[in-house]
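Step one of this worksheet: look at the structure below.
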Amino acid sequence: MTFCGLLPLLLLFSISSTPKTTANLEGDALFSLRRALKDPGNVLQSWDPTLVNPCTWFHVTCDQHNRVTRLDLGNAKLTGRLVPELGRLDHLQYLELYRNNLVGPIPKQLGELKSLVSLDLYHNNLTGPIPPSLSRLTNLRFLRLNGNKLSGKIPRKLTKLRNLKSL
Ligand SMILES: *[C@@H]1O[C@H](CO)[C@@H](O)[C@H](O)[C@H]1NC(C)=O
């Protein structure tokens with residue numbers, strides 16, 4: 001094959017290997033959460049996965065680069081489980097889920113939320129141990145896990161987080 005014959009083929013290949021729509025991983029992660037929850041108060045009604053990003057969804061806040069920084073779902077009558085996908089929200093600073101009826105374990109993947117400043121899971125029905133991975137949250141200043149049915153000890157490493165103000 002001559003070079004001229006090869007060129008259209010190369011072009012075709014480079015076009016077809018470019019994704020048509022840019023997937024939004026953070027929107028996908030949040031939508032996984034929505035699917036795992038029962039929402040009798042319809043507070044997640046605006047969470048439409050066909051939008052370009054989740055930044056216009058109610059209870060979701062983004063920074064200027066459209067990265068999710070806050071999830072404010074305290075007192076929202078939500079039941080169901082937390083999902084491991086939440087760990088993908090790289091820029092999340094506030095995860096506020098207090099006073100719902102969430103059940104099941106705290107996903108260890110929450111330890112991947114390296115920007116997290118506040119984790120408030122107060123007053124739910126979460127069970128299982130406090131994941132030791134939470135000790136990797138070096139920016140954490142506010143942590144409230146009481147009012148659940150968690151078992152086991154508070155991981156010792158967690159008490160060594162330097163910025164932590166409340167436990
Ligand atoms: C936890 O579950 C119990 C039993 O199902 C229920 O009575 C209680 O209201 C729940 N707590 C919260 C905070 O939703």
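The values are calculated or read from the model by the stated rules, or taken from the named source; none is laboratory data. Computed from a prediction, not measured in an experiment: that's the story for all the values here. Note that we place each Cβ from the backbone using ideal geometry, even for glycine, and neighbour counts take in every protein chain shown. Note: accessible area is taken over every heavy atom of the protein model, side chains too, but ligands, DNA and RNA are not part of it. Shrake-Rupley method; radii C 1.70, N 1.55, O 1.52, S 1.80 Å.
Out of the stretch 48-63, which residues are over 24 Å from Gly111 (Cα atoms) and either within 16 Å of the ligand (Cβ to nearest atom) or open to solvent by 30 Å² or more (accessible area, probe 1.4 Å) (or both)? If the condition is that a residue be over 24 Å from Gly111 (Cα atoms) and either within 16 Å of the ligand (Cβ to nearest atom) or open to solvent by 30 Å² or more (accessible area, probe 1.4 Å) (or both), then Asp48, Pro49, Thr50, Leu51, Val52, Thr56, Phe58 are the ones that fit. Screening Leu71 on (1) surrounded by fewer than 17 Cβ atoms within 10 Å (Cβ to Cβ); (2) away from the ligand (no atom under 16 Å from the Cβ); (3) under 13 Å from Leu33 (Cβ atoms) shows it passes everything except condition (1). Determine whether Val103 is more than 16 Å from the ligand (Cβ to nearest atom) and either crowded, with 19+ Cβ neighbours inside 10 Å or not hydroxyl-bearing (Ser, Thr, Tyr) (or both). So Val103 fails the test. When the stretch 123-142 is limited to residues that are surrounded by fewer than 17 Cβ atoms within 10 Å (Cβ to Cβ) and more than 18 Å from Pro105 (Cα to Cα), the one that is farthest from the ligand (Cβ to nearest atom) turns out to be Thr138. Residue count for the stretch 143-160 satisfying the condition of being within 16 Å of the ligand (Cβ to nearest atom), within 15 Å of Leu95 (Cβ to Cβ) and open to solvent by less than 60 Å² (accessible area, probe 1.4 Å): 2.
Residues in the stretch 20-47 that are surrounded by 13 or more Cβ atoms within 10 Å (Cβ to Cβ) and part of a loop (DSSP other than H, G, I, E, B): Asn24, Asp39, Val43, Leu44, Ser46, Trp47.
With respect to being more than 16 Å from the ligand (Cβ to nearest atom), crowded, with 19+ Cβ neighbours inside 10 Å, in a loop (DSSP other than H, G, I, E, B) and among the hydrophobic types (A, V, I, L, M, F, W, C), Leu86 falls outside the description.
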